[in-house]
1. Would you tally the residues in the range 156-168 being closer than 17 Å to Ile123 by Cβ, in a loop (DSSP other than H, G, I, E, B) and in contact with a strand residue (DSSP E or B) (Cβ under 7 Å, 6 or more places away or on another chain)?
2. Could you check the range 466-501 and list, in sequence order, the residues that are loosely packed, with under 14 Cβ neighbours inside 10 Å and among the charged types (D, E, K, R)?
3. Looking only at the range 109-155, how many residues end up being in a loop (DSSP other than H, G, I, E, B) and open to solvent by 60 Å² or more (accessible area, probe 1.4 Å)?
4. With the structure loaded, tell me whether Gln200 is more than 25 Å from Thr125 (Cβ to Cβ), at pLDDT below 95, part of a helix (DSSP H, G or I) and not aliphatic (A, V, I, L, M) or whether it fails that test.
5. Does Glu100 satisfy the criteria of being under 15 Å from Val162 (Cβ atoms), modelled with pLDDT under 95 and of a type in the set (Asp, Glu)?
6. Which residue is nearest to Val532 (Cα to Cα), if the candidates are limited to the range 552-590 and must be in contact (Cβ under 8 Å) with a residue 40 or more places away in the chain and surrounded by fewer than 14 Cβ atoms within 10 Å (Cβ to Cβ)?
7. Considering only the range 239-261, how many residues are open to solvent by 70 Å² or more (accessible area, probe 1.4 Å), within 18 Å of Glu120 (Cβ to Cβ), in contact with a helix residue (DSSP H, G or I) (Cβ under 7 Å, 6 or more places away or on another chain) and outside any helix (DSSP H, G or I)?
8. Give me a count of the residues in the range 67-102 that are hydroxyl-bearing (Ser, Thr, Tyr) and within 13 Å of Val43 (Cβ to Cβ).
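The values are calculated or read from the model by the stated rules, or taken from the named source; none is laboratory data. For clarity, every value in this text was computed on a predicted model and none was experimentally measured. Cβ coordinates were reconstructed from backbone atoms using ideal geometry, including for glycine residues, and neighbour counts include every protein chain displayed. In case anyone asks, the SASA skips ligands and DNA or RNA and just uses the protein heavy atoms, side chains included. Shrake-Rupley method; radii C 1.70, N 1.55, O 1.52, S 1.80 Å.
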Amino acid sequence: MLEPLPTGTVLRDRYAVLSVLGQGGMGRTYLAQDRERFSEHCVVKEFTLMGASLEILEKAKELFQREANVLYQLRHPQIPQFRGVFESDGRMFLVQDYVEGKTYRALLMERLGMGQMFTEAEIVTLLEQILPVLSYIHQRDIIHRDISPENLMERSPDRVPVLIDFGVVQAAQGQMTSELGVPASTVAGKMGFAPPEQLQSGSAYASSDLYALAATVLVLLTGKEPTDLFDSVNLTWRWQEFVSVGAPLARVLDKMLSYRPAQRYRNAEEVIQALLMVQASQSQVKTFAVGGQGALQQTLAALPQAAPAISSDRSVNPTPKSGPTTANGGGIPWYLGVLLVVVAGIGSWGVTSVIYDRGRSVPPPVVESTATAEPSPEPTPTPQPTTINQSLTFSPRGEGLLVANRTGSLENGQTLRFRLEAEANQVLTVSVTGIGTMQLSVRDGDQKPLDDRATNNEVGYWRGILPTSGVYFVTIRTAPNVTAAEYKLEVTLTNPKPTPTPEPAPTTEPPPEPTAPPDRQVETRTLTSPVVEDVLTPTQDVRYRVEMLEGQLLGVEVEGGVRVEVYAPNGGLVWNTSGGNRQVISGTSVGTYEIRITGDRPEDIPYRLTVTRE
């Protein structure tokens, strides 16, 4: 393998290598600084295929570019943003956003050092948060191929899992297995985590990623490697010898780990539905009494479980069974009948409902007694849509970080609207659990969504820079056809890092007269990536140079509160607009077009520029 790039190496006059993050048989991953984005950190991945023929190398480059083009289309908050791909000195490189945090392998090692592993509740939460990411990529016919504790990260600011190391290289080599006859040893996937079909033939499906995710979960639950948990003779997993979880979750994991792909869940949506059934099976039976008598509720809860059978039409089976005599000659135990008679005689209280499976109500059987009982209550009407308004109170957690948490349950028709106050340029992060059961919206003081991801969001995550100071609203409600759901909401505000100002040197001279603000600085850049995300300062104008050929189509789209002007090589104005519009310019001439980004606000303006050439 080629020697690693020395620290300080600058690729394409832009990416300065800081250190090596990881190394494998197919290349290395570097931490670098992007000099064209205020020296922010990014990840540069190097791809090499040692010992291959010239034909295979050329095909590898073609497949690498093809797969990179697929990753460029991914836009998900739990996937590092793809920035670009390039070749330098015979090496191929891919650039992605840097994720600040720890891999789940590192988190597990920390826990093992304290004699701990991940709990069942933490695993369910992890699955709830990462399965929608798999659903997102699988719907786009993309298979990750390398899910493992090393390729899942917990992002530090919000503790949300992020899926990293997408199989650009793995997918390319997987295709080479069939297209070029490359030996199977190059097939992607880690031993123990990758399913049999992937290791044996290079084939990978949505269920292959589900298999690898389940194997990852078992490692986090048990602290043992897959080789310790898999019986290679009988081709079965024996993980339950090392950890005990609820039977419903165990069934879900075992099905995800089925040896044959046809016996697994077909996609992530099916696993999500199975997890919802797991949560429903864990719900407790709750009993309520008229008059709010807590002691009665506790007494009923403490009695042995001997409730009458309930049929699908919600009627109680009246056929008595052999055994002790009951209070009413039916299926109610004698001690429950005596208790209800005493309670009815003293306070004329009656049990009104027994709640099963998150709010499904069943009328109780009639209890006959010598005391006068109150008439049965009228059926509870279907709840009307209601909105509950609350304010969020933030607590400091670390330097520049404010956090607010809420937990509870929501019924269909209920909406929770949380009010908060924030400053311009603060980073707002909203996370809510409940995959497929909750819809999240983030709006400004005028009830306008902050972007297209901030309304009816079922992913459960939103993050963005607030444009102005003032009031904002975070709204959650149940998804359609969901009767009730538990939620856990976390909202964080991150203050922008202040720019340090040097202290003035002591002087005996009188202070100078105030001067006019400096002129705006013009910064000219050559556009090297089709997507640019940056921040425009109040004293800055940015100009991007784009080389065009005769008759090409130039597409320009900007998001953010900036103005855009496009000038032809002859200096003539072609198009201008403000943020949020897209324009395709046809009939271009040979030469350099200039895209000018300007603003008129007194604060920094985040923007995103997308440029296409066809």
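1. 1
2. Residue satisfying the conditions is Lys497 alone.
3. Qualifying residue count, the range 109-155: 8.
4. The answer is yes for Gln200.
5. The answer is yes for Glu100.
6. Leu553
7. 1
8. Matching residues across the range 67-102 total 1.
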